[in-house]
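Step one of this worksheet: look at the structure below.
Readers should treat all values here as calculations from the given coordinates under stated rules, not as data from a laboratory. Keep in mind it's a predicted model, so treat the numbers as computed, not measured. Positions of Cβ are generated from backbone atoms using ideal geometry, with glycine treated the same way; all protein chains shown enter the neighbour counts.
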Amino acid sequence: MIKNIKTLQETDRILLDANVCLFIFGPPQFRYGNPNSNKYYESQDKWGKDTVHICSPVLSEFVNRCIHHHWKRWKIDTNPREKGKKDFRNSQYYKEEKIAETIAQDVYEMLNSVECCDSDFDKAKTYAFLSEFKKGEMDFNDIIIGDICAVNNLALVTDDGDFKNSSIQIFTANL
């Protein structure tokens with residue numbers, strides 16, 4: 001079931017997807033660069049105590065998207081010959097601009113507002129995830145995130161349309 005983010009209640013137990021984490025806690029270009037970002041930011045007024053969660057796949061996507069954002073900016077600003085993100089992490093720019101520290105600060109801010117959760121991860125689940133993935137309908141991480149929501153009885157707050165056919169409850173501004 002898909003619900004408008006405006007209908008979120010304090011009692012709703014939710015998991016924030018990476019795109020929503022970027023809109024609320026990410027670099028300014030994410031916070032202000034999407035017409036829906038303000039709707040998610042304002043939804044914080046409806047968050048109940050200990051009802052908002054993130055999981056390791058979401059946190060990983062958040063950090064990697066932030067790194068990618070800064071890498072693209074580096075490529076535009078300095079037009080380096082190096083092409084890879086490993087070169088970026090080892091660059092003077094990365095150190096001088098304190099990219100890792102900046103991203104870590106955004107994550108610390110997030111952790112002050114959310115709880116962490118995951119699901120049991122084992123070979124049997126991995127086979128089930130792969131069976132679902134082979135259908136070609138969802139990203140692999142989205143399958144895992146859906147499972148984490150189901151196992152922990154959480155609705156998902158996302159701007160991602162990939163979950164429209166999911167069995168988990170969705171809150172979104174992307175209607």
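Data for the structure
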read-out	value
E109, E97 arranged by Cβ crowding within 10 Å, fewest neighbours leading	E109, E97
Dipole axis of the chain (+1 Lys, Arg; -1 Asp, Glu on Cβ), positive-most option in F133, I5, Q92	Q92
Computed [θ] at 222 nm, helices only, for the chain once each DSSP H run of length n ≥ 4 contributes -39500 (n - 2.57)	-15000 deg cm²/dmol
Option label - semi-axes √(5λ) of the Cα gyration tensor in Å computed here, alternatives (1) 25, 20, 15; (2) 29, 21, 15; (3) 65, 18, 13	(2)
Förster radius 22 Å - calculated FRET efficiency between S131 and N64 (Cβ-Cβ, nearest 0.05)	0.30
Among L154, L59, L111, residue whose mean-square fluctuation peaks in a GNM of the chain (springs only between Cα atoms under 10 Å)	L111
Amide hydrogen neighbours beyond the local backbone of S113, cut-off 5 Å, H modeled	none
Ordering of 118-126, 138-146 by packing [mean C-beta count within 10 Å, highest first]	138-146, 118-126
Between 0 and 90°, nearest 10: helix 123-133 axis offset from the chain longest Cα axis	90 degrees
Karplus-derived 3J(HN,Hα), 6.51/-1.76/1.60, for each residue of the range 89-104, Hz, glycine and proline x	4, 8, 7, 5, 4, 4, 6, 5, 7, 6, 4, 4, 5, 5, 5, 4
Built amide H within the under 5 Å cut-off of L15, gap 5+	H53, A155, L156, V157
Förster-model FRET efficiency, 22 Å R0, F140 and V107, C-beta, rounded to 0.05	0.50
Length released on extending from L175 to D122, taking residue separation times 0.36 nm less the Cα-Cα span	15.6 nm
Net lengthening on full extension, R73/D162 (0.36 nm per residue, minus Cα-Cα)	29.3 nm
Separation between Cα centres of the range 21-46 and the range 83-138, rounded to whole Å	19 Å
